[in-house]
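Notes follow the structure.
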Amino acid sequence: MSTRRVGWGTWWTALTLLGGLIVVLVFTGLEFTAMWSDPPIYPGPGVTEVRKLSDYAPVIADTAADTEVYILQGTEPGGTVLILGGNHPNEPAAKLAAVVIVERAEVTSGRVIVVPRANRSGHTCTDPHEGYPQFFEIDTPDGPRSFRYGSRATNPIHQWPDPVIHINAAGQTLAGQEVRNLNRAFPGRDTGYLTEQLAHAYVELIRTERVDLAGDLHEASPEYPVINAIVAHDRAMDLAVETSMLLELEGVRIGVERSPAGLRGLSHREWGDATDTLAVLLETANPAQGRLRGRTDTDLILTGQDRFYVSAARRGLLYVPFTDSGHPIEERVGRHLTTLDMLLAVHATHSPESAVRWEGVPMLTELRASGLSAYLTPPDPEL
Ligand SMILES: [Zn+2]
């Protein structure tokens with residue numbers, strides 16, 4: 001029996017390949033773990049306290065679902081408003097509108113509670129096969145602000161595996177992957193899946209803080225029928241209809257949809273049924289989410305311009321107008337902020353004792369004129 005000696009040349013080849021493999025693993029590993037971070041949000045002058053959502057539901061403490069809750073307490077008494085951005089993290093105007101409120105708003109009456117990363121876990125991954133960039137940047141005078149383009153649903157690293165069929169806490173039967181969709185999980189369960197525990201935490205927040213009006217910010221594809229609209233719980237319909245009419249007088253077209261009683265698990269239905277709050281959900285048009293879109297990059301996310309959607313609009317296939325100027329991020333954030341501002345104004349006339357008033361929040365006309373970057377805090381290189 002003979003043993004075969006391995007020559008130095010073979011060893012060198014093996015070591016070189018091993019070294020190359022380690023370099024590739026380190027590089028790709030760093031790139032992958034970078035997705036788990038979400039760049040900072042800078043509390044502005046109106047923020048009086050920053051809490052964690054787990055303060056309302058300890059079951060999510062030390063989990064990837066826990067997230068910052070920004071409190072903006074006014075000097076005058078009044079009611080309480082809750083605003084959620086990032087329920088679906090791949091809807092950037094919703095998160096950015098909430099960020100602008102955190103960084104700019106100063107509340108004069110009542111209290112505003114803002115959660116810009118409502119599904120924080122969903123901000124740590126990106127939907128596969130969609131071609132989205134991991135991050136997108138918005139230029140400010142002192143450098144670019146970076147934001148995560150997240151996934152619609154909770155990161156499967158944090159909640160896995162999905163069941164084949166899921167019946168949510170409200171009794172709705174859903175496809176298995178919807179078990180990670182926060183906006184199908186309300187009112188949630190404190191002993192359920194992580195996403196259900198997260199949903200439960202928001203209902204606890206609404207109850208604990210006696211939230212008078214709760215707004216859940218979203219975006220949808222231009223071919224989706226509920227678009228540029230307020231979806232309102234039955235008890236919030238008067239508020240939504242009056243808001244829509246007043247916005248129309250100002251040249252901002254926002255429709256109203258009644259929350260369907262038979263579609264269970266969504267914020268506008270379950271918040272209104274499970275608590276005393278007036279629940280609304282706002283939608284704007286984001287072509288980056290649509291199935292008809294072309295090249296998917298930062299440019300599409302920010303300019304909202306896409307020639308395939310222009311073509312679809314010409315054929316009458318969309319629920320919003322779509323021209324070469326598209327639906328830029330300034331317009332979409334501006335629609336959310338202008339609608340919220342009008343909701344607060346109308347709510348103040350309906351319930352003066354629980355009025356909430358703010359200053360410093362830019363409206364659609366200001367965002368169109370100055371751009372979104374004018375209302376974002378420049379990046380802090382120390383953070
Ligand atoms: Zn959404």
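The values are calculated or read from the model by the stated rules, or taken from the named source; none is laboratory data. Since the model is a prediction, treat every value here as computed from it, not as a measurement. Virtual Cβ from ideal backbone geometry, glycine too; neighbours counted across all protein chains shown. To get the accessible areas, we keep the full protein, side chains included, count just its heavy atoms, and leave off ligands, DNA and RNA. Shrake-Rupley method; radii C 1.70, N 1.55, O 1.52, S 1.80 Å.
Structure data summary
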item: Beta bridges per DSSP with both ends in the chain, % antiparallel, nearest 5; result: 50 percent
item: FRET efficiency, 1/(1 + (r/R0)^6) with R0 56 Å, evaluated for TRP11 and LYS52 via beta carbons; result: 0.55
item: Distance between region 89-133 and region 154-183 - C-alpha centres, whole angstrom; result: 22 Å
item: Charge dipole magnitude, Cβ of K and R +1, D and E -1 - region 1-142, Cα centre, debye nearest 20; result: 720 debye
item: Cα centre as origin, Lys/Arg/Asp/Glu Cβ charges: region 156-249 dipole, Debye; result: 340 debye
item: C-alpha long axis of helix 329-350 to longest principal axis of the chain, angle in °; result: 40 degrees
item: Loop trypsin sites (Lys or Arg not before Pro), region 139-245, which have at most 13 other Cβ atoms in a 10 Å radius of their Cβ (DSSP); result: ARG210
item: Per residue value of the accessible surface for region 1-60 (all protein chains in place, 1.4 Å probe), Å²; result: 79 Å²
item: Net charge dipole size for the chain [Lys, Arg +1 and Asp, Glu -1 on Cβ; Debye, nearest 20]; result: 1340 debye
item: Positive-end residue, the chain charge dipole about Cα centroid, Cβ charges, pick of ALA94, VAL356, VAL26; result: VAL26
item: Rounded FRET efficiency, nearest 0.05, which uses the C-beta distance separating PHE308 from GLU248 and R0 of 35 Å; result: 0.75
item: Region 248-383 - percent relative contact order, Cα under 8 Å, separation 6 or more; result: 16 percent
item: Radius ratio Rg over Rh of region 230-383, counting only Cα atoms, Kirkwood formula for Rh; result: 1.01
item: Solvent-accessible heavy-atom area per residue, rounded to whole Å², over region 165-214 at 1.4 Å; result: 37 Å²
item: For VAL231, solvent-accessible area (1.4 Å; no DNA, RNA or ligand), Å²; result: 10 Å²
item: Accessible area expressed per residue, region 254-383, with surrounding protein chains retained (probe 1.4 Å, Å²); result: 44 Å²
item: Share of pairwise Cα separations in region 21-138, more than 18 Å, in percent; result: 57 percent
item: Fraction in percent of alpha-carbon pairs per bin - 10 Å, region 131-288; result: 10, 32, 34, 20, 4
item: Residue (of VAL47, THR13, GLY74) at the positive-pole extreme of region 1-99, dipole from beta-carbon charges; result: THR13
item: The chain - percent relative contact order, Cα under 8 Å, separation 6 or more; result: 18 percent
item: Debye log10 I(q)/I(0) at q = 0.21, 0.25, 0.31 Å⁻¹ for region 25-77, Cα point scatterers; result: -0.88, -0.98, -1.12
item: Between region 1-66 and region 305-378, the Cα center-to-center distance that results, in Å; result: 37 Å
item: Accessible surface of THR48 - all protein chains present, 1.4 Å probe, nearest 10 Å²; result: 90 Å²
item: Within the accessible area of region 48-375 (1.4 Å probe), percent carbon and sulfur; result: 49 percent
item: Neighbourhood net charge (10 Å Cβ-Cβ; Lys/Arg +1, Asp/Glu -1) for ALA94; result: -2
item: The chain: calculated mean residue ellipticity at 222 nm from DSSP helix runs of at least 4, using -39500 (n - 2.57); result: -10000 deg cm²/dmol
item: Values of log10 I(q)/I(0), in the order q = 0.08, 0.12, 0.13, 0.14 Å⁻¹, for the chain under a Debye, Cα-only, solvent-free model; result: -0.42, -0.89, -1.05, -1.23
